[in-house]
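Asker: Right, I'll just put the structure down here and ask away after.
The values are calculated or read from the model by the stated rules, or taken from the named source; none is laboratory data. Note that the structure is predicted; figures quoted are calculated from it, not measured. Note: ideal-geometry Cβ built from the backbone for every residue, glycine included; neighbour counts use all protein chains shown.
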């Protein structure tokens, strides 16, 4: 964890070393196993404090609504990293930005999940916070109130090419595309990954923020990404199509591999303009759907790193998503 006075990574600050091993390099546009430099996964994204409020009935405007409330560690990027480690990825790192208010807590929460945190401590902005309101219906749907805080200030000065040492895959949280500084970081990180033959994946993260950004602008920003992992709503928004499978096929004309996450309806895998697989969901009894898509993504990436093909990796993602919705919060259960 670094404290840099608000200017990003300090002079000479680099991630901890790894034992490089692994596979041959993946060329540009590949969705293969990544760089010969190693077997690690680097996730860049948000580290957030989630306040999860589960309410049994409709919200009562202007008065009290009884709810069960918990404060847990979250953030789409951090959740993906934790689920990847939980599902067997051996070397998972996370680059994120937090405030001084909760930096030590978030570092501990990541380490206990098996993630190597590379957290930049922002002295000016607090750690991002999300209020997750989860209804008590059978689907346990959630609504977010989001304050990005320090995570929205992640920028190019927080980057070092050494972060890619030993890395076979780079994953970017879509939340990075919703602020100027983190958009600039995405460009720098993608360029460095491309130079090393490291494939890049991205999860759009938020249909609401995506609509504000604009679909054409988003698609221009993700040009050159190897794997896109949108939700059904995000895929349909990006294409203007109502059918998730058609949306997946359309997006795969622009991104080599597209996996559309459909919750209780499973996932669709598409390449080169065609649907290649429809993967069924795993059975689950939802309590809180917060982080289900992150669980899918983390498990999917862990499976790819282990050598699985996209269909089998999507099946792993569906199993992790089912596990995630049966608990409160977006992180996997702690190891015994």
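Asker: Mind checking which residues of segment 98-111 are closer than 15 Å to residue 84 by Cβ and surrounded by fewer than 17 Cβ atoms within 10 Å (Cβ to Cβ)?
Answerer: Selection gives 111 alone.
Each row is one residue, and each column tells you yes or no for (1) modelled with pLDDT of 95 or more; (2) in contact with a strand residue (DSSP E or B) (Cβ under 9 Å, 6 or more places away or on another chain); (3) buried (at least 24 other Cβ atoms within 10 Å of the Cβ); (4) assigned to a loop (DSSP other than H, G, I, E, B).
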position	(1), (2), (3), (4)
286	no, no, no, yes
294	yes, yes, yes, no
300	yes, yes, yes, no
304	yes, yes, yes, no
315	yes, yes, no, no
319	yes, no, no, no
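Asker: Pull up segment 143-158, narrow it to residues that are under 12 Å from residue 45 (Cα atoms), in contact with a strand residue (DSSP E or B) (Cβ under 8 Å, 6 or more places away or on another chain) and not in a helix (DSSP H, G or I), then point me to the one that is modelled with the highest pLDDT.
Answerer: 154
Asker: State yes or no: is residue 268 closer than 30 Å to residue 38 by Cβ and either surrounded by 20 or more Cβ atoms within 10 Å (Cβ to Cβ) or within 19 Å of the chain's Cα centre (by Cα) (or both)?
Answerer: No: the conditions fail for residue 268.
Every residue, every condition in (1) without any contact (Cβ under 8 Å) to a residue 40 or more places away in the chain; (2) in contact with a helix residue (DSSP H, G or I) (Cβ under 9 Å, 6 or more places away or on another chain); (3) more than 30 Å from residue 303 (Cβ to Cβ), yes or no:
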site: 126; (1), (2), (3): yes, yes, yes
site: 130; (1), (2), (3): no, no, no
site: 135; (1), (2), (3): no, no, yes
site: 142; (1), (2), (3): no, no, no
site: 166; (1), (2), (3): no, no, no
site: 174; (1), (2), (3): no, yes, no
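Asker: Could you go through segment 214-229 and let me know if any residue there is within 22 Å of residue 265 (Cβ to Cβ) and surrounded by fewer than 19 Cβ atoms within 10 Å (Cβ to Cβ).
Answerer: Within segment 214-229 (the criterion being within 22 Å of residue 265 (Cβ to Cβ) and surrounded by fewer than 19 Cβ atoms within 10 Å (Cβ to Cβ)), the answer is no, since none of the residues qualifies.
Asker: Further question: How many residues are under 15 Å from the mean Cα position of the chain (by Cα) and more than 24 Å from residue 320 (Cβ to Cβ) when one looks only at segment 58-114?
Answerer: Final tally of qualifying residues: 1.
Asker: Of all the helices (runs of 4 or more DSSP H) wholly in segment 196-243, which have at least 1 residues that are modelled with pLDDT of 95 or more, in contact with a strand residue (DSSP E or B) (Cβ under 7 Å, 6 or more places away or on another chain) and closer than 18 Å to residue 273 by Cβ?
Answerer: Counting at least 1 such residues, we get 232-239.
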